[in-house]
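Colleague: Have a look at this one before I ask anything.
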């Protein structure tokens, strides 16, 4: 079965979408990148994870995700495109959720689980940084990241992702064990 990575700015619907997928398709492992990292680092919060030096996190990420990718045949993982060659080796398709800034502000205001900026200029900068990461990833690995728009209907977003998932289930690239 395929392994997908869904990226996008904070608050665009990644986590909400994979929660719905996990409910509808319990045989698919749905994980957040920060969740995998917190487990690997032995911490229980994002705040604790942010205290770990970046150089350690980079190495931990490669090891944690390689192990995770090797043990989870049906996987949808979400994050912010902090990707490495390990991700490229194991993930079949990469997606970027796109949301108009006005909608992103609306989504962030509705979600009280985390504190996120709702200042337009800061969100524009976050989206620009994310797009640069995606472009760099595409150039480095000579792939195309599939852009999906979140039209504010999580059901539609889940349907788009799962259509790709089921179409990809028969055309998976082989796992490279390193």
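Taken together, the values in this text are just the output of simple stated rules run on the coordinates, not laboratory data. These figures come from a predicted structure and were not determined experimentally. We place every Cβ from the backbone using ideal geometry, glycine too, and count neighbours over all the protein chains shown.
Colleague: Over the chain, what is the percentage of antiparallel beta bridges among all DSSP beta bridges, to the nearest 5?
Modeller: 0 percent
Colleague: Another question about this same structure. So if I average 1/r over every pair of distinct C-alpha atoms in the chain and take the inverse, what Kirkwood radius in Å does that give?
Modeller: 16.8 Å
Colleague: For residue 102 and residue 149 in the same chain, what is the full-extension length gain: residue separation times 0.36 nm, less their Cα-Cα distance, in nm?
Modeller: Full extension from residue 102 to residue 149 adds 15.6 nm.
Colleague: Ok, one more. Fewest Cβ neighbours within 10 Å first, please rank 29, 117 accordingly.
Modeller: 117, 29
Colleague: I need 30, 12 ordered by Cβ neighbour count within 10 Å, fewest first.
Modeller: Sorted ascending by nearby Cβ count, the order is 30, 12.
Colleague: Could I have the simple spin-label model distance between residue 166 and residue 56, label points 7 Å from Cα toward Cβ, reported in nm to one decimal?
Modeller: Distance between label points: 4.5 nm.
Colleague: Oh, and also: Which three extents, in angstrom, do the Cα atoms of region 1-64 have along their principal axes, listed largest first?
Modeller: Computed over the Cα atoms, the extents are 36, 26, 19 Å.
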